[in-house]
Amino acid sequence: MHEFSMVSAVVETVLEFVEARRIKKVLQVRLAVGELTSLEPEQLCFGYQAIVKKTALEGSTLAIEKVAAEVNCPHCRYQGRPKYWDDASLQEPVPTLECPVCGKAAEAARGHECEIRKIKYVT
């Protein structure tokens, strides 16, 4: 469950921000999570609520902003959505780093981020 380690790092970063600015209460943390990270928003929120107890973040919410995957193909110059692996056993198709045009390896342009975008707080 890499969601727990990722959300732990997010909480640690926000707590450092809070302490440096003497913030009393955090209301919301907005996190941008890329489609290529394979991070599950529900697991991130669950881990967040477990970790923030008895901190300035207790009672705050974790809002997840999904970032769609985009790839660049150095072979055919395609830029756009990646090829998806669609299997009946999966709940959702899984993005790959395969070019949907030529089938060769593509590079991730978007969708691999996990970034704090906004922190709402009361001073």
*Counting only residues that are outside any strand (DSSP E or B) and surrounded by 13 or more Cβ atoms within 10 Å (Cβ to Cβ), how many does region 105-123 have?*
4
*Inspect region 76-93 for any residue being in contact with a helix residue (DSSP H, G or I) (Cβ under 9 Å, 6 or more places away or on another chain) and hydrophobic (A, V, I, L, M, F, W, C) and give the result as yes or no.*
no
_Residues satisfying the stated conditions in region 44-83, i.e. among the polar types (S, T, N, Q) and at pLDDT 95 or above_ = Gln49, Ser60, Thr61, Asn72, Gln79
_Which of the numbered conditions does Leu57 fail, given that it passes all the others? Conditions: (1) under 30 Å from Arg22 (Cβ atoms); (2) among the aliphatic types (A, V, I, L, M); (3) not in a loop (DSSP other than H, G, I, E, B)._
(3)
*Restricting attention to region 1-45, report how many residues are hydrophobic (A, V, I, L, M, F, W, C) and without any contact (Cβ under 8 Å) to a residue 40 or more places away in the chain.*
3
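For region 77-97, what are the residues that are of a type in the set (Lys, Arg) and either free of Cβ contacts under 8 Å to residues at least 12 places away in the same chain or exposed (fewer than 14 other Cβ atoms within 10 Å of the Cβ) (or both)? Before you say what the answer is, go through the steps one by one.
Pass one, region 77-97, residues of a type in the set (Lys, Arg): 77, 81, 83.
If the condition is that a residue be of a type in the set (Lys, Arg) and either free of Cβ contacts under 8 Å to residues at least 12 places away in the same chain or exposed (fewer than 14 other Cβ atoms within 10 Å of the Cβ) (or both), then Arg77 is the only one that fits.
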*asked:* Filter region 98-123 down to the residues that are under 15 Å from Glu70 (Cβ atoms) and touching a residue at least 40 places away in the same chain (Cβ under 8 Å) and list them by number.
replied: Ala108, Arg110, Gly111, His112, Glu113
*Looking at Val14, Val33, which is the one that is among the β-branched types (Val, Ile, Thr), more than 15 Å from Glu3 (Cβ to Cβ) and surrounded by 13 or more Cβ atoms within 10 Å (Cβ to Cβ)?*
Val14
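The values are calculated or read from the model by the stated rules, or taken from the named source; none is laboratory data. No experiment lies behind these values; they were computed from the predicted model shown. Cβ atoms come from the backbone with ideal geometry, glycine included; neighbour counts cover every protein chain shown.
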